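The values are calculated or read from the model by the stated rules, or taken from the named source; none is laboratory data. Here the structure is a predicted model, which is why all the values come from computation and not from measurement. For neighbour counting, all protein chains shown are included, and Cβ atoms are generated from backbone atoms with ideal geometry for every residue, glycine included.
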Amino acid sequence: MDADLKTLHIQYFALLREQSGRSSEIWQSRATNALELYHELRDKHRFSVGKEALQVAINDKFAAWESALKENDKIVFIPPVAGG
């Protein structure tokens, strides 16, 4: 078993949900932090949103992009949302 490989639970909202075609997924990753994970997912789904326009939450708490990831973490990338 690959000790560096983590199972992560990803949720998508708004534009990221549209671009990924899903509201959530379970992802296997060697990413050590939220930024590395976002780069992996951006490449996979061709997200048009840069990290500077997003916030990240890990296990229901806003987090820094450099926050370490652990097995079974729940990650949400929160894009800007237009109100109306």
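Out of curiosity, is Val49 outside any strand (DSSP E or B), surrounded by 15 or more Cβ atoms within 10 Å (Cβ to Cβ) and at pLDDT below 95?
Yes, satisfied.
Residue selection: Ile10 satisfies the criterion of being surrounded by 11 or more Cβ atoms within 10 Å (Cβ to Cβ) and not in a loop (DSSP other than H, G, I, E, B).
Scan segment 26-45 for residues that are in a strand (DSSP E or B) and in contact with a helix residue (DSSP H, G or I) (Cβ under 9 Å, 6 or more places away or on another chain) and jot them down. If the condition is that a residue be in a strand (DSSP E or B) and in contact with a helix residue (DSSP H, G or I) (Cβ under 9 Å, 6 or more places away or on another chain), then Trp27, Ser29 are the ones that fit. For segment 1-21, the candidate set comprises residues that are over 18 Å from Ala57 (Cα atoms) and charged (D, E, K, R); within that set, the residue that is modelled with the lowest pLDDT is Asp2. Looking only at residues of segment 52-84 that are among the aliphatic types (A, V, I, L, M), farther than 13 Å from Leu35 by Cβ and surrounded by fewer than 18 Cβ atoms within 10 Å (Cβ to Cβ), we find that the one that is modelled with the highest pLDDT is Ala57. For Pro80, the conditions (1) in a loop (DSSP other than H, G, I, E, B); (2) under 11 Å from the mean Cα position of the chain (by Cα) are fulfilled apart from (2). Do we find that Leu15 is in contact (Cβ under 8 Å) with a residue 60 or more places away in the chain and either of a type in the set (S, T, N, Q) or under 10 Å from Ile78 (Cα atoms) (or both) in this structure? When the stated conditions are applied, Leu15 passes them.
Leu15 satisfies every condition listed in (1) touching a helix residue (DSSP H, G or I) at 6+ places or on another chain (Cβ under 7 Å); (2) assigned to a helix (DSSP H, G or I) except (1). Can you tell me which residue within segment 19-34, out of those that are of a type outside the set (Gly, Ala, Ser) and surrounded by 16 or more Cβ atoms within 10 Å (Cβ to Cβ), is nearest to Leu8 (Cα to Cα)? So, considering only residues that are of a type outside the set (Gly, Ala, Ser) and surrounded by 16 or more Cβ atoms within 10 Å (Cβ to Cβ), the one nearest to Leu8 (Cα to Cα) is Trp27.
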